[in-house]
Structure formats: structure tokens, C-alpha cells
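Heads up: the structure comes next, in C-alpha cells.
Derivation of every value follows stated rules applied to the coordinates shown; laboratory data play no part. Just so it is clear, the model here is predicted, and its values are computed rather than measured. FYI the Cβ positions are ideal-geometry reconstructions off the backbone, even for glycines, and counts take in every protein chain you see.
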Amino acid sequence: MSEFFDMGGRGLYVWGSYGVVLLVFIIEIWQVRHKRKMILQQLRSMRELGDEE
Amino acid sequence: MAINWFKYSAPSTFYGLAGKIAPWCAGISAVLFAAGLYIGLVVAPTDATQGESYRIFFIHVPTAILSMFLYLVMAGYAAIGLIFNTRLSAMMATALAPTGALFTFIALWTGALWGKPTWGTWWVWDARLTSELILLFLYIGFMALHSSIDDPRRADRAAALLAIVGSVNVPIIYYSVRWWNSLHQGPTFEVGRVAVYDDTMRQAFLLMLFACWLYAAAVVLWRVRSIILERERSTQWVAELKEIRA
């Protein structure tokens, strides 16, 4: 198992690549979900304001 | 088959369609990633000349291909929006830019981490690397220009022009390793040909390529749904959506 993580002494380069990809994907998915949450919230409050009139 | 394609160019119909397609793209992408990573990192044999660091190839090349492909798709949508004045195409172009920029960043990052053990340097100012860096600046320029103009329709048109003019850079990236001498190795992937000779390596590469492509499709469709809601917020169909009434 440790051999797998060592990658023939090139672990830093290999895992540094795949690790950053994972990080970028997590941040992007979070950002997309956050954007949707914010716009839905905004539209709901717009609607509530409209209903009170 | 009589599919009315124009129906899907209306933001109201596309919003629902994108919501149905995106989860499938995400699910299939996750399965392909699992298989591709397993074959690429565990099953595929060690490279004779590069040792284990060649395994960066399985993420570097797919993301680099997609960084160029997504740019052309973005410029294509921007051009359609500019010519036919369709709202949805401009929204698609806006939704594609951040994902394209991230894939370009990943291609540059993994390239640097592959270059160090292979060439002995993180970076050289050669044609392939420099033109890929310019691609990142084009994506950033597109997003910055779009967000700097308040009127969304004018922002669409200005950013579309930038995207179209910038697309001249994509063939320069693609052919750079042929046109100029470079530290960068020759093309691995050309349309219709994959220059990898080991079967497991080829499988891992193709799995990772389709996984990245479907990942991009899923996040872009998810993002465009928010952009549609934002830009159509004063319309009746948005007000009647069940996720807003709830």
C-alpha cells in the first residue's frame, strides 16, 4: 500500500496533480450549488414581497 | 424523428431539460472516473522511460483536450448568440467559461508537476505552454469583460467578440508541438488516433477523457440553470416554478 502512495519516489508529483484536481472539482461543485441556493433564496423573497402587495 | 429543436432554445424549456440531463452526466462521470482512476493508477504498467510520473498523463491530457474543446464550444455559443440574438446561447457561453478556465488551470498545473521530474523544470516559455497560458487569460478576459458591463445583452455581445477573436489561439495550441521545436512531447491525441500503445493505458485515458467531459457537461448545465433563473427572474414562468413557490 505504501508503495502505491510512494509512486516510485514520484508521489509528490502524481498526488500533487490528482489532489489539486480533486480540490478544484470540490470547489467548483460547491460554488455551483451555492449560486443556485442564493438565486432561489432571492427569487423566493422577491415572490413573498410580491404577495404582500 | 420530428424533434422541435427550437423549442429547446427557449430558456424556460431548457431549464427543465438541463435539470433532467445534469444528474445523469454527473452519475456516469463518477463511474467513469472510478474506473479510469483504478486502471490508470493501479492496473496500467509502469512506463519504461518515465517511471511512475507518467501517470499524470491520465489527467493532464484529458483536461488539456477539454480546455481547448470547451473554448471552441463557448466561442460557438457566443457566435450563435451574436448572429441570431438568442438569449440561451449567450447564457451557455457564460456558463462554460469558468469550467473551461478551471480545466486550463488543471492542464497547466499537472503539466508543471509532470515537467519537473521529466524535463527537470516546472515551466519553459515554449509555444505549447505559452499558448495554453494565453488560453487561461482568454477565459479570464471573457469572464472579466462580461461582468464589467452592467447591461447583460451588451455584455453578451462584447464578450462574444472577444471569445470569437480568441478562438484563433486554439489551433495554435493544437499544432504548436508540430510547428515549433519544443520540450513538450508530440501529440498524444489527434482526431481519430490515440498514440498510446498499451491497452490498459489507452482504456484509462479514454475513460478519464469521457469522465472529464461528462463532469464538465454536468457542472455547466447546473450553472446555466442558475444563470437562466437570474436573467429571467421577472418572467411569469420563473415565478410559477415549484422550487420558488415552495
Worksheet item: For the stretch B:68-76, what does the Karplus curve 6.51 cos²θ - 1.76 cosθ + 1.60, with θ = phi - 60°, yield as ³J(HN,Hα) per residue in whole Hz, taken in order and with x for Gly and Pro?
Response: 7, 4, 5, 5, 5, 5, 4, 5, x
Worksheet entry | Isotropically averaged projected area of the stretch B:24-245, using the convex hull of Cα atoms (one quarter of hull area), nm² | 14.0 nm²
Discussion item. Can you give the FRET efficiency to the nearest 0.05 for B:Asp126 and B:Asp47, using r as the Cβ-Cβ distance and R₀ = 22 Å?
Written reply: 0.50
Item to complete: Would you kindly state how much longer the chain becomes between A:Leu40 and A:Val24 on full extension, computed as 0.36 nm times their sequence separation minus their alpha carbon distance, in nm to one decimal?
Response: 3.3 nm
Worksheet item: Within the protein assembly as shown, how many Lys pairs sit with Cα atoms under 23 Å apart, leaving out pairs fewer than 8 places apart on the same chain?
Response: 7
Worksheet item: Pulled fully out, how much extra length does the chain show between B:Leu133 and B:Leu183, if you take 0.36 nm times their separation in residues and subtract their Cα-Cα distance?
Response: 16.4 nm
Discussion item. With a cut-off of 8 Å between alpha carbons and a minimum separation of six or more residues, what is the relative contact order of the stretch B:24-245 in percent?
Written reply: 33 percent
Worksheet item: How long are the semi-axes of the ellipsoid equivalent to the stretch A:13-53, from square roots of 5 times the Cα gyration tensor eigenvalues, in whole Å, largest first?
Response: 40, 4, 4
Worksheet, complete the sentence: The computed P(r) of the stretch B:1-91 puts the percent of Cα pairs beyond 24 Å at 47 percent
Worksheet item: About the Cα centre of chain B, what is the dipole size in debye to 20, counting +1 per Lys and Arg Cβ and -1 per Asp and Glu Cβ, all else neutral?
Response: 580 debye
Worksheet item: Between the helical axis of A:11-52 and the dominant principal axis of chain A, each derived from Cα atoms, what acute angle in degrees is found, rounded to the nearest 10?
Response: 10 degrees
Fill in: Neighbour-count order for B:Cys25, B:Cys212, fewest beta carbons within 10 angstrom listed first
B:Cys25, B:Cys212
Item to complete: Apply 1/(1 + (r/R0)^6) to the Cβ-Cβ distance of B:Leu161 and B:Tyr38, taking R0 = 51 Å, and write down the FRET efficiency to the nearest 0.05.
Response: 0.70
Worksheet item: For the protein assembly as shown, what size does the Cα cloud have along each of its three principal axes, sorted from largest down, in whole Å?
Response: 72, 42, 41
Discussion item. Taking the Cα of A:Phe5, stepping 7 Å toward and past its beta carbon, and measuring to each backbone N in the stretch B:24-52: which are under 18 Å?
Written reply: B:41-42
Worksheet item: When the helix-only estimate is applied to chain B (DSSP H runs of n ≥ 4, each -39,500 (n - 2.57), divided by the residue count), what is the mean residue ellipticity at 222 nm, nearest 500 deg cm²/dmol?
Response: -25000 deg cm²/dmol
Discussion item. If every alpha-carbon in the stretch B:110-191 counts as one equal scatterer, what log10 I(q)/I(0) does Debye give at q = 0.16, 0.17, 0.24 1/Å?
Written reply: -0.70, -0.75, -1.09
